[in-house]
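Worksheet: the structure to be examined is printed underneath.
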Amino acid sequence: MINCDPTRLVDPMAEYRSLDVLIVGAGFSGVYQLHKLRKSGFSVKLFEAGSGLGGVWYWNCYPGLRVDSDFSIYQFSLEEIWKDWNWTEKYPGRQEIIEYFNYVDQKLDLSRDISFNTRVTSASFNITTNRWSVLTDTGVAVNPHFLILCTGFASKPLFPDIPGLDTFGGTMHHTALWPQAGVDITGKRIGVLGTGCSGVQVIQEAGPIASHLTVFQRTPNFAVPMMNERPLSMAAQNKMKEELYPILFKRRQQTFGGFQFDRIPRGVFDMSPEERYFFFNDLWSKGGLRFVHGSCKDILTNEKANGEAYAFWRKKVLKRVRDPEMQRKLAPETPPHPFGAKRVSLEESYYEVFNQSNVDLVDLNENPIVEVTPKGLKTQDGVVHELDVLVLATGFDALTGSISQIDIKGTDGISIGDKWRGGLSTYLGLAVSGYPNMFIPYGPQGPTAFCNGPTCAEIEGDWVIDCLTYLRRHNYVRIDATREASECWSQRVTDIFSQGFWTRTKSWYTGANVPRKRVEALNFNGGLPLYSTLIQEDSRAGYAGFTLTSAIGTGAKL
C-alpha cells in the first residue's frame, strides 16, 4: 500500500534553501574550500559550469597547454593528496593536471557535493534573511547564507573586434573554448592571432605539424626557457616527500610570488658586470620564472636595471633566430615595453619555430588586420592570408570580468559590473562593500596574477574558512566590508602598483587589453608575505575592516 501522508514527502530542494555556503567554480580555490568547509562542519555545495573539475584547466584544452610553475609547488599541500601522487613532468601538461584533479576528487569524495554543467547566471542579496538568492542556467535556485566566487582570473574569454570575424569559412576557436574532443590541425594552414602565453604554446605545437603557420603579433612575447624535465623519477619524488615537500609548502608562503625561489635583496648594479652575467646565466639555465621572480630586487622598478635584464634576454634569443627580419620582430633593439611589465611566458621551442620555412610572422603594428574573409585574414597591404584553422589566442577580460559576467546585485540592487565600471573597489581582494556574505578569493585586488595559483588558493581559502568559523562561533549573521576600509585598500593597491613598470604597457594586469574598460591596478603586487600579514592583521583585530551583524534581535541563526 502506498503511503500518501504528505508529512512523509521529502523536499529535494530543502537542503539548498538552508545551505550554509555555495561555492562557484571547481578549480584549485573552489576544490580546496569545498574540502575544508566540509571538514569544518558547514553545509556546502559547489556549482561548476563545466562537466569536470579543473577550473581554467578544464576549459583550456588547446594544443601545447602546460603550467608555468614546477610540479613541486603547483599542487595542494594536503599530505593525504601528495603522499601517493607522482608527476611525470616538471611542468605538467593539461591532461596530467586534469588527471590530478580527478585523483583529488577520488581521494576527497568531492563530486557528491558538486553540481556539474550548472552555470550561475545571477545572484541577489536578501537583507531580511541575510541570504543570497542564486539562479542558474539549469533552473536550480539556491539560497545560501554565504556565497564564495571561485571563478578565477581567466574565465571570461576576450574576442577580437575585427570586421567579418563571423564570416570565416574554416575552423575557428578561442583557446579558452577549445573543443574538449580536440581539433586535428596536422597538415593544415593555421593562423594564430595573439602571442601571449596561450599563443606561444599553440605556436610551439602547431609549427612542426602545420602545412603553413601564420602568426599575427601585436607585441613580442619576452618568453624565457621552461627547461622541462620528462620523465620525472618516481624515486626522486618519493625522496622529496620524506623531507622536502613540507618545507617547500611552507617556503612558498614566504616568497613574493608563492614560489620556492624569491627575488634577492641586491640590485643589478650591486654586482660587477662579470658577476651579473653569471647570476643571470644561472637563472636562465635553471629555467622557469626565476629570471623574473628570482632575480634582483630592482629589475621591475629601475629603468637601467630592467634594461640590463632585457639586453641579456635579447642576446639569448637572437642566437636562436636566424633571419634578421624575424630577429627584429621577435627581439627588437628597443623594447616596446619594460621587461616583465607584461606576464612573462615560458617556452620550449618557440623561437626555433620561426626558423621554419613554412612560418610567417605578421607584425600588426606595421601591417594591421583590416577584415576577416571567408578564406582568411586580410591585412592592410591587401594580402589575404588563407587559413584552414584560425586560433584566437586573444586572452581574457581578466579578474573583474570573471565576476561581473554574473549578474550579482548587492544591498542597493546595483549589479557589481555597473558598480565597478566607475572604479574597482574591494577589501583585501576578498570582499566587496555592499555585497555582504560574499567572498571573491583569487580575484581582483588580491595577489592573483603575481602568485602561484595553489599557494594563493590555500592562503586565501584558509582566511575565508577561518572567517566563517569566527562568524558561526560568535553568532554573526552578516559580514560586510566597510566603504572606508575598501577605499583605503584600493588606494594601497594603486600606490604599490604604481611603483613598478606595469602601467607602461597595455596588458590584462590593468584591463587595458579590453576596449572601453577602465585602466587601473587589478592586482595587489606587494608580494605574498605582505599580503598575508595584512589579511591576518584584519582577522586578528576581529575583522576590523568589516561590519558584523549579530543574530541577536534579528531572529536569524548561523
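The values are calculated or read from the model by the stated rules, or taken from the named source; none is laboratory data. Here the structure is a predicted model, which means the values were calculated and not measured. Neighbour counts are summed over all protein chains in view; Cβ atoms, including those assigned to glycine, are modelled from backbone coordinates with ideal geometry. Surface areas here come from the heavy atoms of the whole protein model, side chains and all, with no ligands, DNA or RNA. Shrake-Rupley method; radii C 1.70, N 1.55, O 1.52, S 1.80 Å.
Filter the range 26-46 for residues that are open to solvent by 40 Å² or more (accessible area, probe 1.4 Å) and either in a helix (DSSP H, G or I) or farther than 20 Å from TYR470 by Cα (or both) and give the result.
The answer is LYS36, ARG38, LYS39.
Among the residues of the range 402-436, count how many are touching a helix residue (DSSP H, G or I) at 6+ places or on another chain (Cβ under 9 Å) and within 23 Å of ALA49 (Cα to Cα).
14
Show the residue pairs that are 6+ apart or on different chains and have beta-carbon atoms under 8 Å apart, the first residue being within the range 127-144 and basic (Lys, Arg) and modelled with pLDDT of 95 or more, the second being in a loop (DSSP other than H, G, I, E, B) and open to solvent by less than 70 Å² (accessible area, probe 1.4 Å).
ARG131/ASN143; ARG131/PRO144; ARG131/HIS145; ARG131/ASN437
For the range 368-487, which helices (runs of 4 or more DSSP H) that fit wholly inside it have 1 or more residues that are farther than 30 Å from MET172 by Cβ and open to solvent by 10 Å² or more (accessible area, probe 1.4 Å)? Before you say what the answer is, go through the steps one by one.
On the way: elements: 400-404, 416-421, 453-473.
In the range 368-487, 416-421, 453-473 are the helices (runs of 4 or more DSSP H) which contain 1 or more residues that are farther than 30 Å from MET172 by Cβ and open to solvent by 10 Å² or more (accessible area, probe 1.4 Å).
Please tell me if THR195 is closer than 15 Å to ARG66 by Cα, in contact with a helix residue (DSSP H, G or I) (Cβ under 8 Å, 6 or more places away or on another chain) and either among the polar types (S, T, N, Q) or open to solvent by less than 30 Å² (accessible area, probe 1.4 Å) (or both). Before you say what the answer is, go through the steps one by one.
Numbers: closer than 15 Å to ARG66 by Cα: no; in contact with a helix residue (DSSP H, G or I) (Cβ under 8 Å, 6 or more places away or on another chain): yes; either among the polar types (S, T, N, Q) or open to solvent by less than 30 Å² (accessible area, probe 1.4 Å) (or both): yes.
Answer is no for this residue.
Looking only at the range 226-238, decide whether some residue is buried (at least 19 other Cβ atoms within 10 Å of the Cβ) and in contact with a helix residue (DSSP H, G or I) (Cβ under 8 Å, 6 or more places away or on another chain).
No, the range 226-238 has no match at all.
For the range 502-521, how many residues meet the condition of being touching a residue at least 24 places away in the same chain (Cβ under 8 Å), part of a loop (DSSP other than H, G, I, E, B) and open to solvent by less than 80 Å² (accessible area, probe 1.4 Å)?
Final tally of qualifying residues: 11.
Select from the range 144-182 the residues that are among the polar types (S, T, N, Q) and open to solvent by 50 Å² or more (accessible area, probe 1.4 Å) and list them in ascending order. So that I can check it myself, show each step before the final result.
First, pick out the residues of the range 144-182 that are among the polar types (S, T, N, Q): 151, 155, 167, 171, 175, 180.
Residues satisfying the conditions are THR167, THR171, GLN180.
Considering only residues of the range 491-501 that are open to solvent by 20 Å² or more (accessible area, probe 1.4 Å) and under 21 Å from the mean Cα position of the chain (by Cα), which is farthest from GLY526 (Cα to Cα)?
Of all residues in the range 491-501, those open to solvent by 20 Å² or more (accessible area, probe 1.4 Å) come to 491-492, 494-496, 498-499.
Remaining after also requiring under 21 Å from the mean Cα position of the chain (by Cα): 494, 496.
Numbers: THR494: 10, ILE496: 6 Å.
In this case the residue turns out to be THR494.
For every residue, the table says whether it meets (1) free of Cβ contacts under 8 Å to residues at least 12 places away in the same chain; (2) among the charged types (D, E, K, R).
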residue	(1), (2)
PRO335	no, no
ALA341	no, no
GLU347	no, yes
SER357	yes, no
VAL384	yes, no
LEU387	no, no
LEU390	no, no
GLY429	no, no
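Applying the selection to the range 405-427, what residues are hydroxyl-bearing (Ser, Thr, Tyr) and touching a residue at least 40 places away in the same chain (Cβ under 8 Å)?
The first filter runs over the range 405-427 and keeps only residues hydroxyl-bearing (Ser, Thr, Tyr), leaving 411, 415, 425-427.
The answer is THR411, SER425, THR426, TYR427.
Is the range 494-510 home to any residue that is among the acidic types (Asp, Glu) and under 23 Å from HIS35 (Cα atoms)?
We begin by selecting, within the range 494-510, every residue among the acidic types (Asp, Glu); these are 495.
Imposing the further condition that a residue be under 23 Å from HIS35 (Cα atoms) reduces the set to none.
Checking the range 494-510: not a single residue is among the acidic types (Asp, Glu) and under 23 Å from HIS35 (Cα atoms).
Just the residues that are among the aromatic types (Phe, Trp, Tyr) and assigned to a loop (DSSP other than H, G, I, E, B), please, taken from the range 235-262. Show your work before the answer.
As a first pass, look at the range 235-262 and keep what is among the aromatic types (Phe, Trp, Tyr): 245, 249, 256, 259, 261.
The answer is PHE256, PHE259, PHE261.
Given (1) in a loop (DSSP other than H, G, I, E, B); (2) out of contact with any Asp or Glu (no Cβ under 7 Å at 6 or more places or on another chain), identify the lone condition not met by GLY288.
(2)
Just one of (1) surrounded by fewer than 19 Cβ atoms within 10 Å (Cβ to Cβ); (2) within 16 Å of the chain's Cα centre (by Cα) trips up ASN60, so point out which.
Result: ASN60 passes all but (1).
From the list THR186, THR121, which residue is out of contact with any helix residue (DSSP H, G or I) (no Cβ under 8 Å at 6 or more places or on another chain), surrounded by fewer than 20 Cβ atoms within 10 Å (Cβ to Cβ) and part of a loop (DSSP other than H, G, I, E, B)?
Details: THR121 fails: part of a loop (DSSP other than H, G, I, E, B).
Step by step, each of THR186, THR121 is checked, and only THR186 is out of contact with any helix residue (DSSP H, G or I) (no Cβ under 8 Å at 6 or more places or on another chain), surrounded by fewer than 20 Cβ atoms within 10 Å (Cβ to Cβ) and part of a loop (DSSP other than H, G, I, E, B).
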